[in-house]
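Participant: Attaching a single structure in structure tokens format; questions to follow.
The values are calculated or read from the model by the stated rules, or taken from the named source; none is laboratory data. Predicted model, so just to flag it, every value in this text is computed and none were measured. Reconstructed Cβ throughout: ideal geometry from the backbone, glycine too, with neighbour counts over all protein chains shown.
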Amino acid sequence: MPAISNFLTRRGAALLATSRIWRATLGLAGEVVVAAVSPAVYNSATRTVVMKQIYFTAVQILVPFTLFAALLSFVLIQIVVGTAANYGLSDYALEMVVRLLVLEVLPLVTALFVALRSGSAINTEVALMRIHNEIEALEDSGVDTLRLEFMPRVIGGMLSVLSLTAITSVLALVLAYLAVYGWQPWSLPDFSRVMGQVFDGAILTSIWLKSLAFGLAVTVIPVAEGLATPKMLFMAPISVLRGMVRLFFVLMFIEVASLAFKYI
Amino acid sequence: MERASLSASPPPPPRAPLIKNLEFKIGLLLALTVLLGAAFIGYALYARGAFQVSHTLVLTAEDVEGVSVGMPISFSGFPIGKVRRLHLMDDGKVRIELAIPREDARWLRQSSVFTLEKAIVGGARIKAHTTNLQDAALEDGAVRPLITGDATKDIPVLIEKVKSILANVDNMTAAGAPINQTLGHVETVTGRMAGDYGLLQGVMGSPEKADKVVKALDRANTLLTSLNGVSLKVDGVLGKADTRLFGQDGVMDQAQQSVAKVNALLGDVRESLKKADAILANAQTASKDVTKITGNVAEATTDMARLRLEIDDSVRKVNHLINEINKKWPFARDVEIKTP
Amino acid sequence: MPLRANLSALDNIALIPQYRHNLDYAAASSLAWNLLLLAGQDGAALKRDPQLNPVERFVAKLLRAAIERPPIILIDRPALLLPDTHYPPYLSNLLERLSDHLNDCWILDYRWNEPLYPLPLPRPLALR
């Protein structure tokens with residue numbers, strides 16, 4: 001009997017901890033968004049930090065990531081166009097390519113990339129700051145950690161996801177045009193017709209919402225997980241691990257939800 | 001006060017910060033992102049025809065299964081507009097509103113006919129047919145009936161036909177089907193014909209049997225020559241001993257018996273040669289058929305042509321054989337084996 | 001408190017007036033630059049945290065504290081922040097140079113380190 005009650009207590013505690021961290025994540029997301037859109041938050045220091053953060057999370061990786069995305073897009077486009085031609089479905093190749101790449105693969109790959117590069121770094125930084133009591137120290141000296149430490153990171157990550165998604169998607173569209181119609185401009189009306197079929201209002205909205213959600217998740221979850229780290233140094237790697245796993249599931253959940261929204 | 005004195009001190013702060021052109025780079029990134037996003041939305045709107053001045057065309061139909069909003073209407077295979085709206089009217093008919101961009105509206109005339117075609121694979125298609133492009137232009141908001149040409153209606157009939165054809169093909173290709181057996185026979189016969197004894201083997205069924213026939217013929221030939229010799233001798237003997245041996249119980253009686261035996265033997269030989277002849281006649285007709293078949297096939301394949309040459313060769317051999325027999329055997333008919 | 005890893009030492013020092021008084025970057029960075037010059041560490045201005053050596057890092061942290069002219073600055077166990085340095089003379093020299101920008105500075109150190117400091121003690125030194 002005590003074993004069972006013990007077990008139940010532990011399960012309950014774990015459940016509460018999980019729900020607490022989700023609540024903290026959502027709360028933080030709300031606070032950050034509110035802070036990011038209120039002009040009063042931006043002073044000279046915040047601007048400097050935000051700009052540096054954008055530079056390090058978005059500008060620095062722009063060229064290599066764009067090259068990689070171009071390669072990935074090129075290969076996938078070739079596969080889809082080739083397969084479609086084999087089955088006599090060339091008419092649908094372009095639509096398939098656009099739906100596959102621009103709507104699904106590229107936003108997800110971008111989010112995963114930024115998660116791996118910046119998300120894990122943010123999680124580690126915040127966890128270490130928390131373990132070393134630096135967050136409390138900052139708060140004690142009257143610094144608003146939300147607007148000086150967390151919001152810049154979230155903005156940088158979000159902008160990174162949005163801009164990389166936009167740039168790689170447009171690049172993929174250009175590549176798709178070239179792969180399907182070749183190096184000539186006369187098929188633009190055809191191309192536009194297919195684009196018009198694919199991108200209706202709902203799809204456009206869902207891409208934007210999805211990219212925004214990806215950007216928010218990629219940074220808010222690591223920050224929240226870092227803030228929830230117990231103050232023991234050996235918990236830092238565990239915190240990063242948990243943050244990354246949670247981030248992965250959230251990204252997948254957003255992806256599945258957007259698919260369900262579009263096709264069901 | 002304090003700060004004023006500080007900023008007055010001579011060395012200026014470095015104007016080369018950690019990252020060159022930080023502001024510019026970030027500005028560029030932001031501008032690029034916003035520009036791409038806005039341009040893309042603009043392009044999507046353009047692609048959806050938001051900036052196009054379009055004419056409205058209304059089509060009415062009994063049944064619009066397969067028609068969806070956004071579906072193109074094509075003219076000569078080119079999309080010239082798309083379905084904007086579908087709704088059911090009070091009388092149970094369906095009203096299809098199409099948006100036709102103004103520059104494409106010139107393809108539609110008063111006499112234009114609109115059809116809905118449902119293909120077996122892929123969705124339905126709305127097509128516009130205009131025979132007289134000199135006709136008056138179709139006005140904006142015109143209402144026209146949509147004629148449904150349903151390809152799927154013909155499918156059951158088509159499938160029945162296909163089924164019977166398939167059944168025939170099935171019968172033909174099934175194991176034990178007549179054509180299969182025929183082909184199998186042809187194969188064995190031609191296979192044998194390709195052997196050492198050619199057509200004869202083909203008719204007789206195996207090289208051994210053909211060998212036997214040839215040997216039998218050879219033996220018959222030798223027998224005939226020796227019989228000739230024997231009968232000459234017998235004649236001579238008879239001539240010499242004509243008077244002397246013509247008595248009862250004399251040599252003559254025995255000789256007569258032996259001659260009778262020789263005659264019987266000759267009869268047997270004749271019978272057997274007749275049989276051989278019959279066989280050869282059969283072979284003739286058979287080879288005619290075979291060559292007819294192979295002749296047809298030869299038109300299609302070069303291999304068959306080679307086979308045919310072999311058969312011709314075999315037939316020639318048989319002809320030769322028959323000629324040989326003819327030379328030696330006077331009662332042979334005028335036998336001729338030809339390939340068509 | 002650590003320096004921000006993605007900012008240079010100069011930016012780290014300048015960030016404080018930027019944050020506290022919303023001073024624009026040019027003014028703030030020129031303030032920070034002057035302090036670095038005074039401390040004789042202007043070579044470290046454009047280095048980021050991982051590239052700084054312990055002395056440079058110590059100076060950056062001290063200047064970040066000093067730029068706001070707080071009433072008191074407490075240096076707790078300087079040996080921890082300045083390994084491989086004979087720190088008492090270096091420290092007294094540094095504090096002398098910056099004396100115009102410091103109100104009150106206390107050094108907290110172990111009593112057994114007292115002989116290391118030159119006499120007379122330039123600044124209040126709390127020993128224990």
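Per-residue answers, yes or no, for (1) in contact with a helix residue (DSSP H, G or I) (Cβ under 6 Å, 6 or more places away or on another chain); (2) touching a residue at least 24 places away in the same chain (Cβ under 8 Å); (3) crowded, with 16+ Cβ neighbours inside 10 Å:
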position	(1), (2), (3)
A:58	yes, yes, yes
A:64	no, no, no
A:74	yes, yes, yes
A:79	no, no, no
A:84	yes, no, yes
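Participant: Please state which of the following conditions residue A:170 fails to meet, knowing it meets all the rest: (1) within 27 Å of residue A:63 (Cα to Cα); (2) over 12 Å from the mean Cα position of the chain (by Cα); (3) more than 14 Å from chain B (Cβ to nearest Cβ).
Facilitator: (3)
Participant: Consider residue C:79 against the criteria (1) in contact with a helix residue (DSSP H, G or I) (Cβ under 8 Å, 6 or more places away or on another chain); (2) small (Gly, Ala, Ser); (3) within 14 Å of chain B (Cβ to nearest Cβ): it satisfies all of them except one. Which criterion is unmet?
Facilitator: So residue C:79 meets the others, but not (3).
Participant: List, please: which pairs have Cβ atoms under 6 Å, are six or more places apart or on different chains, and start with a residue in the stretch C:78-100 that is charged (D, E, K, R) and end with one that is buried (at least 19 other Cβ atoms within 10 Å of the Cβ)?
Facilitator: C:97/C:38
Participant: Determine which single condition residue A:239 fails, assuming it passes every other condition in (1) more than 30 Å from residue B:41 (Cβ to Cβ); (2) hydroxyl-bearing (Ser, Thr, Tyr); (3) surrounded by fewer than 19 Cβ atoms within 10 Å (Cβ to Cβ).
Facilitator: Every listed condition holds for residue A:239 apart from (3).
Participant: Same structure again: Could you please give the count of residues in the stretch C:9-45 that are facing another protein chain (nearest Cβ under 9 Å) and within 20 Å of residue A:138 (Cβ to Cβ)?
Facilitator: Within the stretch C:9-45, residues that are facing another protein chain (nearest Cβ under 9 Å) and within 20 Å of residue A:138 (Cβ to Cβ) number 13.
Participant: Continuing with this model, one more query. Please count how many residues of the stretch A:26-46 are without any contact (Cβ under 8 Å) to a residue 12 or more places away in the chain and within 8 Å of chain C (Cβ to nearest Cβ).
Facilitator: Going through the stretch A:26-46 one residue at a time, the tally reaches 2.
Participant: How many residues, within the stretch B:42-61, are surrounded by 14 or more Cβ atoms within 10 Å (Cβ to Cβ) and either within 11 Å of chain A (Cβ to nearest Cβ) or under 20 Å from residue A:212 (Cα atoms) (or both)?
Facilitator: Residues meeting the conditions: 8.
Participant: Do we find that residue B:127 is over 28 Å from residue A:190 (Cβ atoms), modelled with pLDDT of 80 or more and not aliphatic (A, V, I, L, M) in this structure?
Facilitator: No.
Participant: Then there is this: Assess whether residue A:194 counts as being among the β-branched types (Val, Ile, Thr) and either within 10 Å of another protein chain (Cβ to nearest Cβ) or free of Cβ contacts under 8 Å to residues at least 40 places away in the same chain (or both).
Facilitator: Considered against the rule, which asks whether it is among the β-branched types (Val, Ile, Thr) and either within 10 Å of another protein chain (Cβ to nearest Cβ) or free of Cβ contacts under 8 Å to residues at least 40 places away in the same chain (or both), residue A:194 comes out as yes.
Participant: Among the numbered conditions (1) part of a helix (DSSP H, G or I); (2) touching a residue at least 24 places away in the same chain (Cβ under 8 Å); (3) loosely packed, with under 13 Cβ neighbours inside 10 Å, tell me where residue C:71 comes up short.
Facilitator: Every condition holds for residue C:71 apart from (1).
Participant: For a quick check of your reading of the model, give me the residue pairs whose first member lies in the stretch A:151-163 and is crowded, with 24+ Cβ neighbours inside 10 Å, whose second is among the basic types (Lys, Arg), with beta-carbon atoms closer than 8 Å and at least 6 apart or on different chains.
Facilitator: From residues that are crowded, with 24+ Cβ neighbours inside 10 Å, the pairs are A:152/A:52.
Participant: Do the conditions hold for residue C:11, that is, is it among the charged types (D, E, K, R), surrounded by 23 or more Cβ atoms within 10 Å (Cβ to Cβ) and free of Cβ contacts under 8 Å to residues at least 40 places away in the same chain?
Facilitator: Judged against the criteria, residue C:11 is a match.
Participant: So how many residues does the stretch C:38-63 have that are surrounded by 20 or more Cβ atoms within 10 Å (Cβ to Cβ), in contact (Cβ under 8 Å) with a residue 40 or more places away in the chain and of a type in the set (Gly, Ala, Ser)?
Facilitator: Going through the stretch C:38-63 one residue at a time, the tally reaches 2.
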